[in-house]
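Have a look at the structure below before the remarks.
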C-alpha cells in the first residue's frame, strides 16, 4: 500500500461524546454504517451527536471490494422486524431532526428490504412528523415495486451511490452494475418530486475524463446533489488506492458545476451522509 499523505489523516474529536453515542447504539442494538464501514468521520460525527443508521442487519449479500461491511452471500441475517422501532428509539434519544437511513444490500429478500425502510420511516414520523429523512438505498436489482415503496413514503431526499466510474464497476463492484444504478436514480427522479443525490469516490484508478463522463450521466438523469470523496481502503486486503492530489477536489467541483450539477460537496473526507442535513438545506 502507498503511504497515506498527511492531509488524509483525520484529526481526533471529543472522545467523551463519541463514546456516549457508541454506548447508545450498543444499548439500543442498532447498527451504524459509521461503525460497520469504518468511516474515517466516525469520531467527528459521533462527537456531534449524529449517526447514519444501517438497516437490515450488518451482513451484506454483495462483496464490494472497497467496503468493510461483512459479506456473506449465502448466510445473511434473519429479518429483524423490531429493528425499525429500535432505530426510532435511538433517534428520539439523540433528538435528531434530520435522519439518514441506509442499509446493507439484501438480494435474498423479495423486495430487497424496502418494506423495512418504510416501516422505519413510519416509526420516525410517529415520533415527530417534522423529522426530515434521507434514504441511501441499494439498487434493489432495479425492482420498481421496491423503489416505489421508498419514493412514495414520507422522505425528503432519495440517495443511491454510483461509487465509481463505469469502467471500474466490474472489478470494484462485481455484483452491481453502473447502468442499473443510473436507472434507479433516473426512475426515482421521474416518478417523484424528491431531490436526487449520489456519491462517488476518487483514488480508484479513474481518469478525469471518466469522472467527467459520470458527472454528465448524473446530470442527464436530473441529479441534484453529488458528493465526492477520497477512497480510503479499510485494510490492505481491500481494493488498492491511488492517492490523488488535494487540489483535485476543487477541480472536480468546478467541472461538475460547469456541467450543471448545482450542489457539489467535494473534499478528501466527504462521504455520502457527511453533514447531510447541511447539504440538504443548500438545495
- Note on the structure: In Å, the Kirkwood estimate of hydrodynamic radius for segment 166-228 over Cα pairs equals 12.4
- Whole-Å distance linking the alpha carbon centroid of segment 35-108 with that of segment 157-222 is 21
- Take each of the peptides 238-251, 103-116, average the number of other beta-carbon atoms within 10 Å over its residues, and list them starting from the highest. 103-116, 238-251
- Task: Kindly give Rg over Rh for segment 40-198, based on alpha-carbon atoms, with the Kirkwood expression for the hydrodynamic radius.
- Result: 0.95
- Task: Give the share of C-alpha pairs in each 10 angstrom bin for segment 194-267, from 0 to the last occupied bin, in whole percents, shortest bins first.
- Result: 19, 52, 24, 5
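Between rounded, prolate and oblate, where does the chain land on the alpha carbon gyration tensor, with a ≥ b ≥ c its root eigenvalues, rounded for a/c under 1.5, else prolate if a/b exceeds b/c?
Note, shape of the chain comes out rounded.
Kirkwood hydrodynamic radius, computed over distinct alpha-carbon pairs, for segment 123-171: how many Å, to one decimal?
Working: mean 1/r = 0.0783 Å⁻¹.
Final number for the Kirkwood radius of segment 123-171 is 12.8 Å.
Taking square-rooted eigenvalues a ≥ b ≥ c of the alpha carbon gyration tensor, is segment 1-133 rounded, prolate or oblate, where a/c under 1.5 means rounded and, failing that, a/b exceeding b/c means prolate? All intermediate terms of the calculation are to be shown ahead of the outcome.
Working: a/c = 2.16, a/b = 1.13, b/c = 1.92.
It is oblate, given that a/c is not under 1.5 and a/b is not larger than b/c.
To the nearest 0.05, what FRET efficiency results for residue 7 and residue 191 with a Förster distance of 25 Å applied to their C-beta separation? Don't skip to the answer; put the middle values down first.
Numbers: r = 41 Å, r/R0 = 1.65.
Efficiency, from the Cβ-Cβ distance: 0.05.
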- When only Cα pairs under 8 Å and 6 or more residues apart are kept, what is the percent relative contact order across the chain? 16
- Message: On the Cα set of segment 115-210, report Rg and Dmax in Å, please.
- Response: 14.9, 46
- Message: Please compute the Kirkwood hydrodynamic radius of segment 29-103 from all pairs of different C-alpha atoms, in Å with one decimal.
- Response: 13.2
- Message: Need one number: % antiparallel among DSSP beta bridges in segment 6-280, to the nearest 5.
- Response: 5
- Query: So what is the 222 nm mean residue ellipticity for the chain from helices alone, if each DSSP H run of at least 4 adds -39500 (n - 2.57) and you divide by all residues, rounding to the nearest 500 deg cm²/dmol?
  - Reply: -10500 deg cm²/dmol
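Bear in mind these aren't lab numbers, they're just calculated from the coordinates by the rules spelled out. Predicted, not measured: the structure shown is a model, and the values here were computed from it. Backbone-built Cβ (ideal geometry, glycine too); neighbour counts: all protein chains shown.
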